[in-house]
């Protein structure tokens with residue numbers, strides 16, 4: 001029975017093979033379409049390019065994540081800046097002169113903490129932060145805890161009197177420390193959404209610095225060291241928090257088309273809007289008065305006509321403490337500067353530029369204590385700047401300017417400043 005079945009199956013297979021062989025003799029093969037092959041090859045090449053692009057983006061996003069988890073050294077420069085200022089102006093601080101207090105601590109605290117309010121307001125509105133809620137809560141709590149603790153310790157150790165002689169807790173500025181911790185938190189959480197948020201946060205922190213100095217609540221060294229403590233404490237808090245939660249506490253960074261456009265634009269035609277802050281110094285003894293260093297902050301707009309040449313528009317406000325050489329009086333000079341000029345910028349590589357500029361304009365001096373009439377003077381200057389496009393949403397600039405005012409007061413000044421530049 002089984003032998004008959006096997007033989008029958010074998011005959012069927014042989015018959016089917018003979019049938020297919022006969023049919024194959026009648027088939028006429030057509031040559032393949034060359035256009036179709038070309039399209040197929042193009043599609044394969046395009047797929048290969050897209051895969052490589054995805055790999056590059058993935059690698060860059062991994063680097064962004066690694067940077068987020070690493071310790072950020074922002075703020076150390078501010079502490080060094082404060083140390084240099086203390087060394088240069090120690091004789092100014094120790095004269096025994098007294099300045100009148102004219103500030104409001106509650107208003108200053110409100111401005112200082114406004115970036116933190118924006119941070120949690122955006123979180124409540126459902127805007128995705130860099131941190132998941134658990135990381136954000138822990139990092140923020142640690143940041144403010146360390147900021148307050150370090151500030152209190154340094155105040156006790158330094159025992160520095162304030163300009164208004166109200167107490168001996170001047171060094172460092174607690175307002176500036178809280179302001180920059182708050183601004184750093186806003187930047188860490190929402191800087192990836194828009195560079196305007198980061199710059200607005202640091203703008204509020206810089207305003208706090210200006211008010212604390214202008215209101216005779218602190219010396220300049222105090223606000224710089226305070227700013228450094230707040231920034232370092234916030235970054236260290238995030239670093240410690242990431243040792244606990246790791247990648248699980250982070251909403252993974254993503255590369256956007258605007259990120260790539262910004263890089264190309266920085267190399268090609270980097271028109272920008274900038275927040276600037278820095279220090280000025282010059283002649284210390286003028287008109288029977290001794291002047292301290294000047295704190296200045298402002299805004300700049302640079303419009304590039306091509307890759308190298310730009311027109312700058314600059315506005316800044318500065319404040320300077322002084323005392324009569326015989327210690328009979330003290331005061332504060334505020335100045336508003338409005339300037340415009342030409343800039344020549346040269347790209348060093350894809351992420352760095354060096355620029356030289358010349359400018360001119362006017363300034364208005366206002367002596368707040370004496371309530372004297374405002375004094376308008378023409379001024380001009382020149383300087384250099386190095387800009388670096390970092391891995392954040394904005395560029396960082398560091399510059400040095402020489403400024404000459406056609407006046408007998410504060411006529412020759414050197415300015416060292418840094419800027420947060422939004423590439424437009």
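Output the number of residues of region 132-167 satisfying the condition of being over 26 Å from residue 117 (Cα atoms) and either part of a helix (DSSP H, G or I) or in contact with a helix residue (DSSP H, G or I) (Cβ under 8 Å, 6 or more places away or on another chain) (or both).
Here is the first cut: in region 132-167, the ones over 26 Å from residue 117 (Cα atoms) are 153-167.
Then drop every residue that is not either part of a helix (DSSP H, G or I) or in contact with a helix residue (DSSP H, G or I) (Cβ under 8 Å, 6 or more places away or on another chain) (or both), which leaves 153-158, 160.
Residues in region 132-167 being over 26 Å from residue 117 (Cα atoms) and either part of a helix (DSSP H, G or I) or in contact with a helix residue (DSSP H, G or I) (Cβ under 8 Å, 6 or more places away or on another chain) (or both): 7 in total.
Restricting to region 108-131, and then to whatever is without any contact (Cβ under 8 Å) to a residue 24 or more places away in the chain and part of a helix (DSSP H, G or I), can you tell me which residue is farthest from the chain's Cα centre (by Cα)? Break it down into steps so the answer makes sense when it comes.
The initial filter retains those residues of region 108-131 that are without any contact (Cβ under 8 Å) to a residue 24 or more places away in the chain, namely 110, 117, 120-121, 124-126.
Adding the requirement that they be part of a helix (DSSP H, G or I) leaves 110, 117, 120-121, 124.
Numbers: 110: 22, 117: 19, 120: 20, 121: 21, 124: 24 Å.
Result: 124.
Looking only at region 292-344, which residues are part of a loop (DSSP other than H, G, I, E, B) and surrounded by fewer than 14 Cβ atoms within 10 Å (Cβ to Cβ)?
Of the residues in region 292-344, the ones part of a loop (DSSP other than H, G, I, E, B) are 305-308, 325-329.
The answer is 305, 306, 325, 326, 327, 328, 329.
For every residue, the table says whether it meets (1) at pLDDT 75 or above; (2) surrounded by 12 or more Cβ atoms within 10 Å (Cβ to Cβ).
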site: 43; (1), (2): yes, no
site: 57; (1), (2): no, yes
site: 72; (1), (2): yes, yes
site: 76; (1), (2): yes, yes
site: 83; (1), (2): yes, yes
site: 118; (1), (2): yes, yes
Quiz item: Would you pick out the residues in region 200-247 that are assigned to a helix (DSSP H, G or I) and without any contact (Cβ under 8 Å) to a residue 60 or more places away in the chain?
Solution: 243
Quiz item: How do the pairs read when you match residues in region 154-172 that are under 20 Å from residue 81 (Cβ atoms) and outside the structural domain of residue 329 (by TED's automatic domain parsing) with residues anywhere that are at pLDDT below 90 and not in a loop (DSSP other than H, G, I, E, B), using Cβ under 6 Å and keeping only pairs 6 or more apart or on different chains?
Solution: 171/158
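The values are calculated or read from the model by the stated rules, or taken from the named source; none is laboratory data. Keep in mind the model is a prediction, meaning the values are calculated, not measured. Every residue, glycine as well, gets a Cβ built from its backbone with ideal geometry; the counts of neighbours run over all protein chains shown.
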